[in-house]
1. Is it the case, given these coordinates, that residue A:230 is of a type in the set (A, V, I, L, M, F, W, C) and either part of a loop (DSSP other than H, G, I, E, B) or more than 23 Å from the chain's Cα centre (by Cα) (or both)?
2. Looking at the stretch B:190-236, which of its residues are assigned to a strand (DSSP E or B) and of a type in the set (Asp, Glu)?
3. I need the full set of residues from the stretch A:98-112 which are buried (at least 21 other Cβ atoms within 10 Å of the Cβ) and at the interface with chain B (Cβ under 10 Å from one of its Cβ atoms), in order please.
4. Just the residues that are part of a strand (DSSP E or B) and either in contact with a helix residue (DSSP H, G or I) (Cβ under 7 Å, 6 or more places away or on another chain) or within 14 Å of chain B (Cβ to nearest Cβ) (or both), please, taken from the stretch A:205-227.
5. Going by the structure shown, is residue B:420 in the same structural domain as residue B:700 (by TED's automatic domain parsing), assigned to a strand (DSSP E or B) and of a type outside the set (Val, Ile, Thr)?
6. Check the stretch A:185-204 and report whether any residue there is closer than 27 Å to residue A:144 by Cβ, away from every other protein chain (no Cβ under 14 Å), crowded, with 24+ Cβ neighbours inside 10 Å and in contact with a helix residue (DSSP H, G or I) (Cβ under 9 Å, 6 or more places away or on another chain).
7. Within the stretch B:698-707, is even one residue within 30 Å of residue B:387 (Cβ to Cβ), hydrophobic (A, V, I, L, M, F, W, C) and touching a Ser or Thr at 6+ places or on another chain (Cβ under 6 Å)?
8. Which numbered condition trips up residue B:716, out of (1) within 14 Å of chain A (Cβ to nearest Cβ); (2) touching a Phe, Trp or Tyr at 6+ places or on another chain (Cβ under 6 Å)?
Amino acid sequence: MRPFELTAPETVDAALASPGTFLAGGTTLVDLMKLDVLTPERVLDINTLPLQGIDTTDGLRIGALERMSDVAAHPGTYPVISRALLLSASQQLRNMASIGGNLMQRTRCGYFRDVSVPCNRREPGSGCPALTGANRMHAVLGTSESCVATHASDLAVALVALDARVRLVGSDGERTVALADFYRMPADTPEVETDLRQGELISEVLVPRLDWASRSTYVKVRDRQSYEFALCSAAVALDVQDSRIVDARVAAGGVATVPWRLPSVEQALRGAPPTQETFEAAAALATEGARPLSGNGFKAPLLRRTIIRALREVTEEDRA
Amino acid sequence: MTARLDSPLKVTGRARYGSDHNPPGMVFGYVVLSTVAHGEVTAMDVTAVRDAPGVLAVYTPFESLELHTPHNPIMGATWVPLQDTDVAYRGQPIGFVVAETFEQARDAASLVEVSYRERTPLTSLEDGLAAAEDAPPSMDGSPHTVTVLASGVESIEDALAASPVVVEATYTTAPQNHAAMEPHSAVAVWESGTLTVYSGNQGSDLQAASLAQALAEPLSAVHAVNPFVGGAFGGKGATSVPAFLAAAAARDLGRPVKAALTREQVFTATGTRAATVQRLALGAEKDGTLVALRHDSWSSTPMSRAFIEQTSHSTSREWYTTPNMVISQKMVPLNIPPTTFMRAPGEAPGSFALESAIDELAVELGMDPIELRRRNSSLAPPGKDLQWSSKHLDECFGIGAERFGWSQRSEGGRVDGDWLVGLGTATAMFPALRFPASVRVTLNADDTAEVATSGADPGTGLLSVLSLIGADSLDIAPERVTPRLGDSALPSGGMSGGSTATASAGSAIMVAAPEVIDELLTLAAAPGAPFEGAEVSYADGRVLATDGRSLTFGEVLRAVDRSSIAAVGSSAPGEEMSKHSFSSFGAQFCEVRVHRWTREVRVSRMLGVFDAGRIINEQPARSQLMGGMIWGVSAALHEGMEIEADGRLANGDFASYLIPVNADIPDVDVQFVQYPDTLHNPVGARGVGEIGIVGVAAAIANAVFNATGTRVRNIPIAIEDLLDE
């Protein structure tokens, strides 16, 4: 870790006025500073800014500085969000990590985190050892020749499934962006990860009201039962009426460079009965365009199976 | 049953480990590691390092600290850093920066500019198999290949060809790191020509001897202290790089030096468990009688060829009765971090292969795997006539099968919702060994006693064991016995390794205690003493005369004006070795649940039933075995170092080197059958440090097969091993 200047602005305006790297829970930033992956000269502790609050009067509004554990425990949170949060990290980390920070967390790619090796995301143009190296954990969707790193957030997968938006504040004012548009696939510029502009801050997350998302879940498949990132995950919400799927939301994590919404799977589910046959046919569409690497070919079948499992779990009573 | 004496100190943070010592004037060393896997360091530019704030010294192969290679009978030679410019693996210590603070040392170390003449590394065991070499003789002196054939049988191939039922398969196991909670570290202090080193290790007198040799100092000038050790598991048997460097730099600089590896450095700059490939062929009669066994093993080894994971010698050599057997061991030198002893070295990966193969044979025969094992249980190792001193393996399986509900097991497992449930079992064995050890037993005038030996308690509970055996031997309550360990100034206790410490130190206590009691009785009956001229005996901490008078030993010592008396007892393996074979035994049971769709393997129940002789202290013994069994889950499902082609360790931290979390571990049931093995040693205990891990990975793989019908022949077992599309 390199020496840095730490200040704690007391208002959003003050935070936006002073250049620096924002520190909330610190669970990503401090980690990466210890590894010399990030070496900010100025760090702005934003924890005292008024960006708290969970409001469920119309959909869900979550202040960016709310902690993961508080949002997970809030009675107005949709099951898919709550489960995605509870399956993330550890209780200690969830107590510290903020919602805004969770959405801004960096990839867990081992090459990104090791400054002794090249990484296009860290040092544009330096190369990507993951293309031929240890890439079992890496993405099969949304990849490019320059980067195959997965997006690490579980919460973002659930939020993308629910059409969530983020409110961004900057010195020029504020704007809201669909979370699905907020994240950028790597293409030729893997260093550009989000739509966030210099000096902008996420102030809140807005989830539109979706009553039938009470029937939703998040399935996370990983190498141990807790405290590990997803090999593959699926966020699913289903609206089932009279033995028909009226509407569906499906997104995947652990397999793509950004939280991966699956409209073709949703389309295949709409209007069909909630049966195993339907689920398998829909899930088969999930891996269209998948590009496996040397060590992660299993992720395509695993994604299909994870989606089937999630769909089975939210329809257990219908099928019984 | 006694709670561990060191638990309150450890859970309240009062136990002082090696690096908790902070003598006045102390400075900090940071180890620099190589960033290539094979080649030569041609230059190290340390100009910027010397100019960095707080830097006191920079040591490299070009401006080195003089260190000599130490040897000891158990560990062999120990590599010492910075003595030449060869680089044999990535992450090899090549420099040492000492500064006023840890942060200054670390920052300065990052400024070292190293130039290499690189050579192409070989890091893959699979790629190296073709160039495998015969292994040196095993620990017991056996050659790399051992052949036992019944008379008239020409070769193992003939025996296999003549077997009505044959199974053949190849198994692989991943390299692992001990990953003990306490990283390797040391604090070295020189005072008036004497070195004191505070450092966690598995034997304080061995550490003192190795440092004395390395520094070319007399043994009397080196004092090693390690009252608490934060886990070792074989990885702290050899003296560590930080201990050598801190000691030599402290001598050079005239200041106390602290050096500790970071967690990431521990993965390469210490020792690891080798990767293995094992090919097994079993031939049996239709009734399950084993008639031929072939077990060929390959172990990765560093370029120094310092340590081989002996998988066939440590399992198939002894476990089953068979008239025909060939075992072999080869090694594949690679540009990988050093290999060394790690909990059940040989037995842990060896049992995965052998006990999986036995299960495959049971499937082939359509026979219950417990029945197959019972049918081939050995009275003595094949080709040897020394019978097992005390073997109750069938009883372990009997109790285990009953407790675990083995009779409910069905071929093809059972289904619970979307979970496929299977049961598996395996045999566990670990040799009963002991090392030479000396212990001093002291009786004090305040009616307390002390039991002292250098050794180490690397978290095993040895401290409490000393107190219990001491109390037993002195016929007093354990609360009155103070155990002392982890100080090379004490009588030589040897090594806490090989599951030997209880048998070794315990036997020495049983020699020392009668001697000190004899001395007490002599003193008590001496002229002018309370029992002058009387016939005296000892019981219950008291000296008794035939006339009914009695005094506590403290009262006697006070009456003769002695503050204490002491005796040192020694023990070592002896003629018992020529009379019997010695081993501990166990039966491992596991239940797994595999998700029908996403294929995660969850261990849902575990039971181990062990025949380890007399159990001295049931609570820590149970914990030891439980810890071993949990490590077996880790080996089966989580753990494995992933070394890339260029020698880089892809998962050298706790974020990516997976070990189980609480959620991965179910309730673990541990049972004992207790038959004291006094043919092996007077204590009757055979050690429980390692056998807990043995067989667990096979039991899990066998349960996975029962649940899914898929036989996985590699560990760790991953989700992709169980995906069929």
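The values are calculated or read from the model by the stated rules, or taken from the named source; none is laboratory data. In this text, all values refer to a predicted model and were calculated from it rather than measured experimentally. Using ideal geometry, Cβ is built from the backbone for each residue, glycine included, and neighbour counts are taken over all protein chains shown.
1. Values: of a type in the set (A, V, I, L, M, F, W, C): yes; either part of a loop (DSSP other than H, G, I, E, B) or more than 23 Å from the chain's Cα centre (by Cα) (or both): yes.
Answer is yes for this residue.
2. Residues of the stretch B:190-236 that are assigned to a strand (DSSP E or B), as a first pass: B:190-191, B:194-198, B:222-225.
Across the stretch B:190-236, the qualifying residue is only B:191.
3. Within the stretch A:98-112, A:110, A:111 meet the criteria.
4. First, pick out the residues of the stretch A:205-227 that are part of a strand (DSSP E or B): A:205-207, A:216-221.
Those that are part of a strand (DSSP E or B) and either in contact with a helix residue (DSSP H, G or I) (Cβ under 7 Å, 6 or more places away or on another chain) or within 14 Å of chain B (Cβ to nearest Cβ) (or both): A:205, A:207, A:216, A:217, A:218, A:219, A:220, A:221.
5. Values: in the same structural domain as residue B:700 (by TED's automatic domain parsing): yes; assigned to a strand (DSSP E or B): yes; of a type outside the set (Val, Ile, Thr): yes.
For residue B:420, the condition - in the same structural domain as residue B:700 (by TED's automatic domain parsing), assigned to a strand (DSSP E or B) and of a type outside the set (Val, Ile, Thr) - is met.
6. Within the stretch A:185-204, the first condition is being closer than 27 Å to residue A:144 by Cβ, and the residues that meet it are A:185-198, A:200, A:202.
With the extra rule that they be away from every other protein chain (no Cβ under 14 Å), the set shrinks to A:185-198, A:200, A:202.
Add one more test, that the residue is crowded, with 24+ Cβ neighbours inside 10 Å, and what stays is A:186, A:190, A:202.
If we keep only those that are in contact with a helix residue (DSSP H, G or I) (Cβ under 9 Å, 6 or more places away or on another chain) too, we end up with A:202.
Yes, the stretch A:185-204 contains a residue that is closer than 27 Å to residue A:144 by Cβ, away from every other protein chain (no Cβ under 14 Å), crowded, with 24+ Cβ neighbours inside 10 Å and in contact with a helix residue (DSSP H, G or I) (Cβ under 9 Å, 6 or more places away or on another chain).
7. Start the filter on the stretch B:698-707 by keeping residues that are within 30 Å of residue B:387 (Cβ to Cβ), which leaves B:698-699, B:702.
Narrowing further to those that are hydrophobic (A, V, I, L, M, F, W, C): B:698-699.
Adding the requirement that they be touching a Ser or Thr at 6+ places or on another chain (Cβ under 6 Å) leaves B:698-699.
Yes - at least one qualifying residue is present in the stretch B:698-707.
8. (2)
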